[in-house]
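One structure below.
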Amino acid sequence: MTNSNLITVFNGQIANQAIQLANARELHTFLEVNMRFAEWICNRITDYGFIQDEDYIIVHERTNGRPRKEYHITLDMGKELAMVERNEKGRQIRKYFIECERRANLQNQPQPLALPEPERNTPSSLPKMTYSTSLGRGSPSYGAYTHSEPSTPHSTHSAQITVQWFTDKATNTQQLHEMPTRLSNA
């Protein structure tokens, strides 16, 4: 059995927060516990101090016309239940829950926004001056570019911005130096 189908992990809500959940009955079956499910889950909740609406929720269902309580548990509760069984199945399902959480965290990380390229005056289109000193291996290199914006009908100011950078070839790091800005009235 591969880790991808040990038991079903699904998205749910506890205390109005989206969270990954698992069905405790499926966990009980997977762990091959030699105790009836209702007795096992009630004992574990009492013995380990799990809290309803924080660690688990109860869902009332009907199976063959009979009422049935399903316990939807957080993955943290599932990991703890797996550990207390002290068997190989418990270790296996705990690692599976950790992997499920890791994947969910990766999906929830914010992705960098793709910024549109400006239509004009990009650093590559601006006048650029670079020079390097010949100090031997690991010598630094310098560069700068200047960008000027003339005043427009809607503006009474013009601006000039100069950006300088320093690259240390020995450490392959770049440092941005002062960015002096000069404003003038048109």
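The values are calculated or read from the model by the stated rules, or taken from the named source; none is laboratory data. This one's a predicted model, so the numbers in the text were calculated from it and none came from an experiment. Cβ atoms come from the backbone with ideal geometry, glycine included; neighbour counts cover every protein chain shown.
Selection over segment 6-39 of residues that are among the aromatic types (Phe, Trp, Tyr) and touching a Leu at 6+ places or on another chain (Cβ under 7 Å) gives a count of 2. (1) touching a residue at least 40 places away in the same chain (Cβ under 8 Å); (2) in contact with a strand residue (DSSP E or B) (Cβ under 8 Å, 6 or more places away or on another chain); (3) not in a strand (DSSP E or B): which one isn't true of PHE50, the others all being true? Of everything listed in (1) touching a residue at least 40 places away in the same chain (Cβ under 8 Å); (2) in contact with a strand residue (DSSP E or B) (Cβ under 8 Å, 6 or more places away or on another chain); (3) not in a strand (DSSP E or B), PHE50 misses just condition (1).
The set of residues in segment 71-100 that are under 17 Å from ASN11 (Cα atoms) and surrounded by fewer than 17 Cβ atoms within 10 Å (Cβ to Cβ) comprises ASP76, ILE98, GLU99.
Any residue that is modelled with pLDDT of 95 or more, in a helix (DSSP H, G or I) and among the polar types (S, T, N, Q) - is there at least one of those in segment 19-33? Looking through segment 19-33, at least one residue is modelled with pLDDT of 95 or more, in a helix (DSSP H, G or I) and among the polar types (S, T, N, Q).
Does ALA18 satisfy the condition of being touching a strand residue (DSSP E or B) at 6+ places or on another chain (Cβ under 9 Å), over 17 Å from VAL84 (Cβ atoms) and free of Cβ contacts under 8 Å to residues at least 12 places away in the same chain? Considered against the rule, which asks whether it is touching a strand residue (DSSP E or B) at 6+ places or on another chain (Cβ under 9 Å), over 17 Å from VAL84 (Cβ atoms) and free of Cβ contacts under 8 Å to residues at least 12 places away in the same chain, ALA18 comes out as yes.
May I ask you to list the residues in segment 39-65 that are of a type in the set (D, E, K, R) and either over 14 Å from LYS79 (Cα atoms) or not assigned by TED's automatic domain parsing to the domain that holds HIS28 (or both)? Outline the logic, then answer.
Taking segment 39-65 first, the residues of a type in the set (D, E, K, R) are 39, 44, 47, 53-55, 61-62.
If the condition is that a residue be of a type in the set (D, E, K, R) and either over 14 Å from LYS79 (Cα atoms) or not assigned by TED's automatic domain parsing to the domain that holds HIS28 (or both), then GLU39, ASP47, ASP53, GLU54, GLU61, ARG62 are the ones that fit.
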